[in-house]
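Quick notes on the structure that follows.
The values are calculated or read from the model by the stated rules, or taken from the named source; none is laboratory data. Being a predicted model, the structure only gives us computed values, none of them experimental. Heads up, the Cβs are rebuilt from the backbone with ideal geometry, glycines too, and the neighbour counts pull from every protein chain shown. Note: accessible area is taken over every heavy atom of the protein model, side chains too, but ligands, DNA and RNA are not part of it. Shrake-Rupley method; radii C 1.70, N 1.55, O 1.52, S 1.80 Å.
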Amino acid sequence: MSYKKKRRRNLCAAILLLFCLVSMSFSLGAVDLLSEDNAPSEKMLLEDTPGLKNFEVDITEPGDGTEFSMGEDIKVEYMVENTGEESETQDVELIIFDEEREAVYGEEHEVTLQPEVEIEMHSTWTAKTPGDYDIQVSCESDSDEVEIKVVAEKRAYFAVEITSYDQEVIEGHEVAIGYEVENRGTEEDTQDVEFDIYDEGGRSVFSRSERLRLSPGDNFTDEFSWETEENETGVFDLVLVSEDDFDEVRVTVLKGAYFEVSIYDYDEEVVEGDMISITYRVDNTGEVEGEQDIAFIVEGEVLKNETDVNIGVGGVYAGVFTWETSEEEVGERSLKVATDNHEAEISVAVLKDALFEVDIIDHDAEVKEDETVVVEYRVTNVGEVEGEQRIEFLVNGELEDSRVISLDGGESSTDEFSWSTDEAGEYDLTIYSEDDGDLVTVSVEEEGGIPGFTLPLFVTAMIIGVVIYYKKEL
């Protein structure tokens with residue numbers, strides 16, 4: 001054990017002994033603290049002091065003043081002993097300080113020991129920079145420290161350091177990386193300094209090399225950019241290597257804002273002229289906040305735009321787009337809601353409205369007075385949806401009869417109207433729906449006339465009869 005350590009331990013014991021003597025003298029009402037009769041033994045002090053810690057630590061390797069070469073592995077060994085009479089647990093810490101008393105390495109262990117048990121612990125550290133270093137091992141009740149020296153070998157030593165980089169970046173963006181190479185050795189040399197980037201699977205995604213010649217004490221600094229790929233996210237290791245040294249940092253490539261669209265409420269069928277309402281939602285499934293436009297597209301044409309919609313990470317934006325259809329849009333129509341990243345598409349059937357076409361398919365062209373005219377007709381719904389309309393029967397523009405009928409899309413119905421005549425003449429008989437109509441003309445003859453014989457025919461027959469009579473007389 002070193003002289004400094006023994007002095008420190010003896011001083012602590014003396015202070016502890018003095019504290020116990022004062023405490024006991026007050027409890028016993030004694031005045032003379034140094035009386036041989038009143039002074040407690042060392043065993044009494046250790047047994048009666050509550051919370052006393054009994055771990056001792058001792059660095060066994062390296063020795064104080066040991067010299068190492070730069071880049072050499074330095075093995076640190078130390079003993080931890082429980083000198084008390086009970087099992088105890090303490091945190092034992094190893095710290096290595098540089099000349100500025102800044103910690104360059106450290107580790108901590110929780111150690112539990114039974115009484116009078118000791119263990120050996122060890123650690124390894126590599127010095128990259130020449131200089132004086134202090135190695136300290138400490139616990140709650142004790143500490144030990146040694147000083148070592150790290151010297152540069154008689155050769156070149158290219159120390160490398162990544163000096164600047166972006167710890168997080170969004171996919172598709174560039175990472176700016178700065179680095180430094182310094183010859184800390186004693187000779188000039190030329191080396192290849194390589195920079196590699198590896199993904200989580202260990203696959204190299206980027207590599208570059210720089211051949212450098214540096215004199216002792218010279219350094220080289222540079223900066224370059226690594227452009228990340230779309231959809232290539234995760235944690236990447238950036239490694240800078242010379243023949244003597246290496247440095248490594250980690251960069252996280254985040255998934256950019258990704259606006260994913262879904263349409264969850266709409267009418268699959270509408271009738272021409274109706275309003276279509278589409279309810280949609282947009283989820284930002286990326287790892288950063290973003291701002292994008294949301295477009296409503298019908299048959300490839302952007303009809304509406306929600307501009308500059310901002311959604312945070314894991315956030316949701318919901319809205320409604322509306323579109324009034326017309327006769328020109330009848331048929332299957334493609335409707336989309338789209339962002340820069342994604343689109344959702346649906347198909348809506350715009351149906352032709354009910355349209356009742358009328359055809360008179362049979363009627364009595366000639367009748368006599370007081371006879372009944374029967375007109376047979378057919379009504380066809382040429383639309384695609386059910387409809388209900390009033391069908392009217394008119395004679396010379398005057399409403400004679402009507403009825404209401406209902407037809408499904410594409411359905412036809414045949415029926416007839418009848419009309420009792422009362423006066424000779426020409427009559428227009430028309431049947432109308434709300435959309436269409438058809439007309440026929442009916443001749444009503446006087447009662448007693450020759451069936452099928454009109455006045456012109458009668459006059460012609462009389463002339464022919466007179467001519468035949470005179471020919472016979474001649």
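Within segment 199-224, which residues are surrounded by fewer than 12 Cβ atoms within 10 Å (Cβ to Cβ) and not in a strand (DSSP E or B)? Correct list: Glu200, Gly201, Gly202, Arg203, Ser215, Gly217.
Condition test on Glu324, is it within 30 Å of Glu388 (Cβ to Cβ), open to solvent by 80 Å² or more (accessible area, probe 1.4 Å) and charged (D, E, K, R)? So Glu324 passes the test.
Out of the residues in segment 365-401 meeting the condition of being open to solvent by less than 50 Å² (accessible area, probe 1.4 Å) and under 58 Å from the mean Cα position of the chain (by Cα), tell me which one is nearest to Asp422 (Cα to Cα). Checking each candidate, the answer is Val379. Here Pro115 clears all of (1) outside any strand (DSSP E or B); (2) of a type outside the set (D, E, K, R); (3) closer than 30 Å to Asp244 by Cα except the condition numbered (3). Scanning segment 328-356 for residues that are open to solvent by less than 30 Å² (accessible area, probe 1.4 Å) and not in a strand (DSSP E or B), which turns out farthest from Val261 (Cα to Cα)? Looking at residues that are open to solvent by less than 30 Å² (accessible area, probe 1.4 Å) and not in a strand (DSSP E or B), I get Ala354.
In summary, Glu67 fulfils each of the numbered conditions (1) farther than 25 Å from Ala159 by Cα; (2) surrounded by fewer than 16 Cβ atoms within 10 Å (Cβ to Cβ); (3) out of contact with any Ser or Thr (no Cβ under 7 Å at 6 or more places or on another chain) with the single exception of condition (1).
Of everything in segment 179-198, what is surrounded by 13 or more Cβ atoms within 10 Å (Cβ to Cβ), assigned to a strand (DSSP E or B) and β-branched (Val, Ile, Thr)? Give them in sequence order. Once the filter is applied, which keeps residues that are surrounded by 13 or more Cβ atoms within 10 Å (Cβ to Cβ), assigned to a strand (DSSP E or B) and β-branched (Val, Ile, Thr), segment 179-198 yields Val181, Val193, Ile197.
Residues of segment 402-414 that are farther than 15 Å from Glu434 by Cα and surrounded by 12 or more Cβ atoms within 10 Å (Cβ to Cβ): Asp408, Gly409, Glu411, Ser412, Ser413, Thr414. For Thr129, the criteria (1) over 49 Å from the mean Cα position of the chain (by Cα); (2) in a loop (DSSP other than H, G, I, E, B) hold in every case but one, which is (1). Taking each residue of segment 399-411 that is free of Cβ contacts under 8 Å to residues at least 60 places away in the same chain and part of a loop (DSSP other than H, G, I, E, B) and looking for partners that are open to solvent by 40 Å² or more (accessible area, probe 1.4 Å) and among the aliphatic types (A, V, I, L, M) with beta-carbon atoms closer than 6 Å, six or more apart or interchain, yields nothing. Quick one: which residue in Asp91, Asp134 is open to solvent by less than 50 Å² (accessible area, probe 1.4 Å), in a strand (DSSP E or B) and in contact with an Asp or Glu (Cβ under 8 Å, 6 or more places away or on another chain)? The conditions single out Asp134. Of all residues in segment 134-157, those that are under 30 Å from Arg213 (Cα atoms) have Cβ atoms under 8 Å from Cβ atoms of residues that are open to solvent by 10 Å² or more (accessible area, probe 1.4 Å) and of a type in the set (Lys, Arg), 6 or more apart or on another chain, in Ala152/Arg184; Tyr157/Arg184.
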